[in-house]
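Inspection log for the structure reproduced underneath, given as structure tokens.
The values are calculated or read from the model by the stated rules, or taken from the named source; none is laboratory data. It should be emphasised that the depicted structure is a prediction, and the values quoted were computed from it without experimental measurement. Glycine also receives a Cβ, built like all others from the backbone with ideal geometry; neighbour counts cover every protein chain displayed.
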Amino acid sequence: MAEETNPLNELLHEELRDLYSAETQIVKALPKMAKAASSPELRRAFERHLEETKRQVERLDQIGEELEVKMTGKKCKGMEGLLAEGRELMEEDLEEDALDAGLIGAAQKVEHYEIAAYGTARTHADMLGYRRIAKLLQQTLNEEGATDKKLTQLAESVVNYEAVQA
Ligand code: FE
Ligand code: FE
């Protein structure tokens, strides 16, 4: 297969391994973020995205099988840094609404990282002619975009509203 010898192929594999690491780190972080959230709506949004994220990991597993690439063994340092900042935020002595606002911001940084990374991987898969894989990556990309929008809505409704009440 021509794709096998394309130098872009190796790059795509690294991007996918990076994403796999990012997603598995997020699976560990989201329950803590859900627990730290005061707004029930925000907590539910984190819990829902946790379930969605688990399915995204499965999607990457499926892609790894199709490409015969081992997904494990790489650490996404970008996501490690973003999640470390999120933990720092949770350790701060913040008032409930301020913490919720901070959690939304931290989560949106994570989503934006994912949107950039999935968009790149999707484009590279497409350029290599992996249509099915590009489609799977696009599916996750759409979910990350929807999550980002939902978080913006929550920032504007739940958090600000409660801050005004207080
Ligand atoms: Fe994700
Ligand atoms: Fe996500």
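Of all residues in segment 37-59, which are more than 16 Å from G86 (Cβ to Cβ), in a helix (DSSP H, G or I) and in contact (Cβ under 8 Å) with a residue 60 or more places away in the chain?
Correct list: E41, E52, Q56, R59.
Out of all the residues in segment 24-32, is one or more part of a helix (DSSP H, G or I), over 13 Å from the mean Cα position of the chain (by Cα), of a type outside the set (F, W, Y) and more than 12 Å from ligand 2 (Cβ to nearest atom)?
Yes, segment 24-32 contains a residue that is part of a helix (DSSP H, G or I), over 13 Å from the mean Cα position of the chain (by Cα), of a type outside the set (F, W, Y) and more than 12 Å from ligand 2 (Cβ to nearest atom).
Kindly indicate whether any position in segment 101-123 is more than 16 Å from ligand 2 (Cβ to nearest atom) and farther than 26 Å from N6 by Cβ.
Yes, segment 101-123 has at least one match.
So, in segment 138-160, of the ones that are away from ligand 1 (no atom under 11 Å from the Cβ) and surrounded by 21 or more Cβ atoms within 10 Å (Cβ to Cβ), which residue ends up nearest to T24 (Cα to Cα)?
By that ranking, first place goes to L151.
Write out, first by first residue and then by second, each pair whose Cβ atoms fall under 7 Å of each other, whose residues are 6+ apart or on separate chains, and whose first residue, in segment 134-162, is closer than 14 Å to G105 by Cβ while the second is at pLDDT below 95 and within 11 Å of ligand 2 (Cβ to nearest atom).
none
Just to be sure before I move on: is G81 in contact with a helix residue (DSSP H, G or I) (Cβ under 6 Å, 6 or more places away or on another chain) and away from ligand 1 (no atom under 16 Å from the Cβ) in the structure I sent?
For G81, the condition - in contact with a helix residue (DSSP H, G or I) (Cβ under 6 Å, 6 or more places away or on another chain) and away from ligand 1 (no atom under 16 Å from the Cβ) - is not met.
Quickly run through segment 53-73 and pick out the residues that are within 16 Å of ligand 1 (Cβ to nearest atom), surrounded by 16 or more Cβ atoms within 10 Å (Cβ to Cβ) and not β-branched (V, I, T).
Correct list: Q56, R59, L60, G64, M71.
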